[in-house]
Amino acid sequence: MSWAVAVGKDAGRAGRQALRALRGAGEEGRILANRSRDHLTESVAEAADAGDPILVVGGDGTLNLVVGA
(Lines give C-alpha, C1' and ligand atoms only; values in the text may rest on other atoms or scores of the structure.)
Protein backbone atom coordinates (compact mmCIF):
# COMPACT_ATOMS: atom_id res chain seq x y z
CA MET A 1 0.00 0.00 0.00
CA SER A 2 1.24 3.42 -0.94
CA TRP A 3 -0.51 6.72 -0.31
CA ALA A 4 -1.52 8.65 -3.41
CA VAL A 5 -1.37 12.40 -2.83
CA ALA A 6 -3.73 14.19 -5.22
CA VAL A 7 -2.54 17.78 -5.43
CA GLY A 8 -4.49 20.73 -6.80
CA LYS A 9 -2.85 23.01 -9.33
CA ASP A 10 -2.02 25.71 -6.75
CA ALA A 11 -1.13 23.37 -3.87
CA GLY A 12 2.22 21.97 -4.98
CA ARG A 13 4.14 23.10 -1.92
CA ALA A 14 1.50 21.80 0.50
CA GLY A 15 1.42 18.51 -1.41
CA ARG A 16 5.17 18.08 -1.06
CA GLN A 17 4.89 18.87 2.67
CA ALA A 18 2.16 16.26 3.05
CA LEU A 19 4.30 13.68 1.28
CA ARG A 20 7.24 14.45 3.57
CA ALA A 21 4.96 14.07 6.60
CA LEU A 22 3.73 10.68 5.36
CA ARG A 23 7.28 9.49 4.78
CA GLY A 24 8.33 10.83 8.17
CA ALA A 25 5.62 8.64 9.70
CA GLY A 26 7.07 5.61 7.93
CA GLU A 27 4.48 5.52 5.15
CA GLU A 28 5.11 5.21 1.44
CA GLY A 29 3.59 7.75 -0.88
CA ARG A 30 3.68 9.47 -4.20
CA ILE A 31 2.29 12.64 -5.70
CA LEU A 32 -0.17 12.18 -8.52
CA ALA A 33 0.81 14.45 -11.39
CA ASN A 34 -1.74 17.13 -12.16
CA ARG A 35 -1.13 17.84 -15.84
CA SER A 36 -4.85 18.32 -16.45
CA ARG A 37 -8.19 17.58 -14.80
CA ASP A 38 -8.60 14.47 -16.97
CA HIS A 39 -5.11 13.23 -16.16
CA LEU A 40 -5.59 13.70 -12.40
CA THR A 41 -8.97 11.96 -12.58
CA GLU A 42 -7.38 9.01 -14.38
CA SER A 43 -4.49 8.84 -11.89
CA VAL A 44 -6.87 8.91 -8.92
CA ALA A 45 -9.02 6.15 -10.44
CA GLU A 46 -5.94 3.97 -10.98
CA ALA A 47 -4.81 4.53 -7.37
CA ALA A 48 -8.28 3.70 -6.06
CA ASP A 49 -8.44 0.54 -8.19
CA ALA A 50 -5.11 -0.50 -6.68
CA GLY A 51 -6.55 -0.03 -3.18
CA ASP A 52 -4.25 2.86 -2.32
CA PRO A 53 -5.51 5.46 0.14
CA ILE A 54 -5.81 8.93 -1.38
CA LEU A 55 -4.90 12.16 0.37
CA VAL A 56 -6.34 15.28 -1.25
CA VAL A 57 -4.37 18.51 -0.99
CA GLY A 58 -6.08 21.46 -2.61
CA GLY A 59 -9.37 23.25 -2.69
CA ASP A 60 -12.94 22.20 -3.22
CA GLY A 61 -12.37 21.76 -6.96
CA THR A 62 -9.65 19.17 -6.36
CA LEU A 63 -11.76 17.41 -3.75
CA ASN A 64 -14.76 17.25 -6.10
CA LEU A 65 -12.54 15.93 -8.88
CA VAL A 66 -11.21 13.15 -6.64
CA VAL A 67 -14.63 12.20 -5.27
CA GLY A 68 -16.01 11.99 -8.80
CA ALA A 69 -13.14 9.82 -10.12
(message) Among 61-68, 22-29, how do they line up by average Cβ neighbours within 10 Å per residue, starting with the highest?
(response) 61-68, 22-29
(message) If the only charges are +1 at each Lys and Arg Cβ and -1 at each Asp and Glu Cβ, what is the size of the charge dipole of the range 4-55 around the Cα centre, to the nearest 20 debye?
(response) 400
(request) Would you mind computing, in nm to one decimal, how far apart the modelled labels at Asp10 and Ala25 are, each placed 7 Å from Cα along Cα→Cβ? (result) 2.6
(message) Accessible area per residue for the chain in Å², computed with a 1.4 Å probe and the full protein assembly in place, what is it?
(response) 63
(message) Could you work out [θ]222 nm for the chain from helices alone, using -39500 (n - 2.57) per DSSP H run of at least four and dividing by all its residues? Round to the nearest 500 deg cm²/dmol.
(response) -15000 deg cm²/dmol
(request) Could you please tell me the mean projected area of the C-alpha convex hull for the chain, averaged over all directions and given in square nanometres to one decimal? (result) 4.0
(message) Show me, for the range 59-64, the HN-Hα J-couplings you get by feeding each phi into the Karplus relation (A = 6.51, B = -1.76, C = 1.60, θ = phi - 60°), rounded to Hz, glycine and proline as x.
(response) x, 5, x, 5, 4, 5
(request) Quantify, in whole percent, the carbon and sulfur part of the accessible surface of the chain (1.4 Å probe; protein heavy atoms only). (result) 48
(request) State the extension gain, in nm to one decimal, for the chain segment bounded by Ala50 and Val67, taking 0.36 nm per residue of separation less the distance between their alpha-carbons. (result) 4.5 nm
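The values are calculated or read from the model by the stated rules, or taken from the named source; none is laboratory data. As the structure is a computational prediction, the values presented were derived from the model and not from experiment. Backbone-built Cβ (ideal geometry, glycine too); neighbour counts: all protein chains shown. Note: accessible area is taken over every heavy atom of the protein model, side chains too, but ligands, DNA and RNA are not part of it. Shrake-Rupley method; radii C 1.70, N 1.55, O 1.52, S 1.80 Å.
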